[in-house]
Amino acid sequence: MQHHRGDGMWNVVVPLKELNSAKSRLRRGGLDARTYARAFALDTVAAIRGCASVGEIVVVTDDREIRRALRRFGCHFCAQGPLPGLNTAIRVGRDHLRRLFGADPCAALVGDLPALRSAELDDALRIAVDTGGQAFVTDTSGTGTTLLAAADPVLLNPAFGRGSAGLHEKAGAVRLAGEYPTLSLDVDTPAGLESAAAYGLGVHTTRLRQRTPATPR
Ligand SMILES: Nc1nc2c(ncn2[C@@H]2O[C@H](COP(=O)(O)OP(=O)(O)OP(=O)(O)O)[C@@H](O)[C@H]2O)c(=O)[nH]1
Ligand SMILES: C[C@H](OP(=O)(O)O)C(=O)O
């Protein structure tokens with residue numbers, strides 16, 4: 001077992017698709033999806049890194065540019081491996097963290113939360129640890145999931161995708177009922193980007209949005 005930042009702290013998995021295929025709904029909305037996906041990843045991981053309760057971060061991606069861009073945050077990196085899909089990626093990250101760091105609590109976050117505030121994630125993780133099992137935060141629609149956390153990493157069993165909130169709940173995960181406006185705000189569409197901007201985007205997405213036209217094609 002290696003030394004790490006803080007025994008008992010949360011370790012976090014962030015799955016990130018290859019930039020060329022990421023954020024197809026933004027692309028269909030006329031935005032430069034590749035560049036936005038990269039900025040979202042940077043802002044999401046910067047906010048996670050800013051959490052007092054987070055120890056290690058593992059990013060699961062096959063994208064070399066993302067790895068290069070995120071190196072500054074001291075992340076670990078895993079390749080997706082032979083099997084496709086978001087849940088596979090999260091399981092790969094979870095297992096990597098368990099191998100390296102043992103039984104510390106483990107959370108998975110989507111990588112498209114450009115307005116995420118560290119204090120909000122810290123709050124959610126503090127409540128999640130008390131559940132003793134799995135806990136989750138929904139997206140703004142209430143049907144998707146942005147955070148799945150497990151006090152014991154063996155219990156982290158991701159079912160992300162359409163209707164994931166219901167699936168996580170059915171599996172016994174506790175729906176965190178607090179106010180998590182920036183943790184809930186995964187950006188999939190140009191309208192989602194505008195909602196996130198109302199809360200205050202991270203620096204990378206802010207800069208990009210200032211450079212690119214505000215009105216989608
Ligand atoms: N490593 C990995 N990450 C994934 C995969 N699918 C989705 N993700 C990541 O999971 C998070 C949530 O994904 P989505 O909201 O579906 O985002 P997306 O797939 O980029 O967007 P759409 O193309 O519009 O569905 C984002 O951080 C994605 O980069 C996958 O197959 N592998
Ligand atoms: C990852 C997925 O979200 P979406 O693809 O709808 O953003 C989910 O909510 O589990």
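Where a number appears in this text, it was derived from the coordinates with a stated rule and is not lab data. These figures come from a predicted structure and were not determined experimentally. Glycine gets a Cβ as well: all are built from the backbone with ideal geometry, and neighbour counts include every protein chain shown.
Each Lys and Arg contributes +1 and each Asp and Glu -1, all at the Cβ; summed about the Cα centre of the chain, the dipole is approximately 860 debye.
Near Gln80, the amide H atoms lying under 5 Å from its own belong to Thr61, Asp62; only residues 5 or more places off or on other chains count, and H is placed 1.01 Å from N. Between Glu194 and Thr88, the simple spin-label model (points 7 angstrom out along Cα→Cβ) gives 3.7 nm.
Net charge around Asp63, counting only other residues with Cβ within less than 12 Å of its Cβ (Lys, Arg = +1; Asp, Glu = -1)?
Cβ neighbours under 12 Å give a net charge of +3.
Between the Cα long axis of helix 86-101 and the first principal axis of the chain there is an angle of about 50°, rounded to the nearest 10. P(r) for the stretch 10-211, from all Cα pairs and a bin width of 5 Å, is 1, 8, 18, 22, 23, 17, 8, 3, 0 %, short bins first.
As a footprinting exposure proxy, order Lys17, Lys170 by other Cβ within 10 Å, with the fewest listed first.
Lys170, Lys17
Taking amide H atoms as placed 1.01 Å from N in the peptide plane, the amide H of Leu147 lies under 5 Å from those of Val137, each 5 or more residues away in sequence or on another chain. Taking label points 7 Å from Cα along the Cα-to-Cβ direction, Gln210 and Ser21 give a separation of 3.5 nm. Of all DSSP-defined beta bridges confined to the chain, some 40% are antiparallel rather than parallel. Sequentially through the stretch 135-148, phi angles give Karplus couplings (6.51, -1.76, 1.60; θ = phi - 60°) of 9, 8, 10, 7, 6, 5, 6, x, 9, x, 10, 10, 10, 10 Hz, Gly and Pro residues having no value and appearing as x.
Placing R0 at 45 angstrom, the Cβ-Cβ distance between Asp62 and Glu179 gives a FRET efficiency of 0.80 after rounding to 0.05.
Taken over the stretch 106-217, the percentage of Cα pairs per 5 Å bin, counting from 0 up to the bin with the maximum distance, is 2, 13, 23, 22, 17, 11, 7, 4, 2, 0.
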